[in-house]
Structure formats: C-alpha cells, structure tokens
Amino acid sequence: MTIEPPPDDRIPELYADGVFDIGFGNGMVRIDLFSLSALRKDDNGQPLPAIRQRVVMSLPGFLASLSALEGMRQRLEAAGVLPANPGVVPAPAPSHAPPSAPAFQSPVQATVQPASPSSTTSPPGRPRSPNFG
C-alpha cells in the first residue's frame with residue numbers, strides 16, 4: 001500500500017533555530033526545538049531561546065532519524081556545502097552561549113567561554129521540562 005502525500009502547500013512547516021534539549025523517558029525520545037524570541041532578551045539585548053515545539057519519537061524511530069540525518073550530512077559534504085568531517089564530531093560541552101555569541105548559535109552547541117574577572121553574575125540555568133525522565 002502506498003500513501004500519496006498531500007500537495008506541498010498543505011504540508012505544515014515549522015522553523016526552528018535548533019535543538020534546545022533531548023531527553024529519554026518511558027521509552028520515548030523527546031526533542032525540544034527552539035527559536036529565538038522576539039520579545040525575551042538577555043541583559044545585553046540578545047534574544048533568548050524559546051521552546052516552540054516538541055518532537056516525541058519511539059526509540060526505533062529516533063534511531064532511524066539519526067541514520068537519515070547522517071545520510072543528509074554525507075550528501076551535504078559530497079556537494080561541498082559542508083567541509084569534510086574525517087573523524088567523529090566531538091560532543092559540545094553543555095553550557096550557555098556567552099552574551100557575545102552570535103544570535104543563531106544553539107544553546108546545545110554553545111562553546112564554553114571563561115567568565116571575565118569583572119563579571120559578577122552568572123547566566124541562569126537552562127529550563128528543564130518535567131516531561132523528561
């Protein structure tokens with residue numbers, strides 16, 4: 001049996017700046033997607049991330065998605081859109097983007113920047129969803 005997709009103009013689209021958090025609980029993988037808020041800003045006027053949508057998948061569905069994403073990465077490398085990645089991508093350190101970080105940088109992939117000696121406040125902790133186990 002084949003399922004015909006609806007016309008392109010009837011498929012809903014969702015924009016996200018990135019993945020805010022991923023969790024696993026009760027046999028399901030939950031992926032929180034974020035976009036930068038037009039209203040909420042940090043002390044330096046940079047937009048703060050706001051969770052916009054959650055994708056919930058079974059573990060087999062998540063693993064199949066990883067395979068599909070890896071295939072896309074390989075196709076982008078072959079097309080020259082991304083530089084070749086000869087090794088394993090190191091896992092980014094979980095931290096907040098510093099105030100001077102570009103607005104498009106995902107909080108999940110933010111690099112760790114040492115605090116300046118004149119800094120007296122630390123960034124607030126990342127919000128956690130009660131839905132993650």
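Assorted remarks:
- Glu4 accessible area, assembled protein chains, probe 1.4 Å, Å²: 140
- With the cut-off at under 19 Å, measuring from each backbone N in the range 41-64 to a point 7 Å along the Cα-to-Cβ line of Phe24 picks out 55-64.
- Element breakdown for the range 34-77 at a 1.4 angstrom probe: carbon and sulfur atoms account for 60% of the accessible area.
- Check: the range 1-73 dipole with +1 on Lys, Arg Cβ and -1 on Asp, Glu Cβ, in debye: 200
- Sparsely packed loop sites in the range 1-90 (the chymotrypsin sites (Phe, Trp or Tyr not before Pro) outside DSSP H, G, I, E and B with at most 10 other Cβ atoms within 10 Å) comprise Tyr15.
- Largest accessible area first, the listed residues Ile51, Ile3 line up as Ile3, Ile51 when surface is computed with a 1.4 Å probe on the assembled protein chains.
The values are calculated or read from the model by the stated rules, or taken from the named source; none is laboratory data. The structure displayed is predicted, hence computed values, not measured ones. Positions of Cβ are backbone-derived with ideal geometry, glycine not excepted, and every protein chain shown enters the neighbour counts. SASA here: full protein model, heavy atoms, side chains in, ligands and nucleic acids out. Shrake-Rupley method; radii C 1.70, N 1.55, O 1.52, S 1.80 Å.
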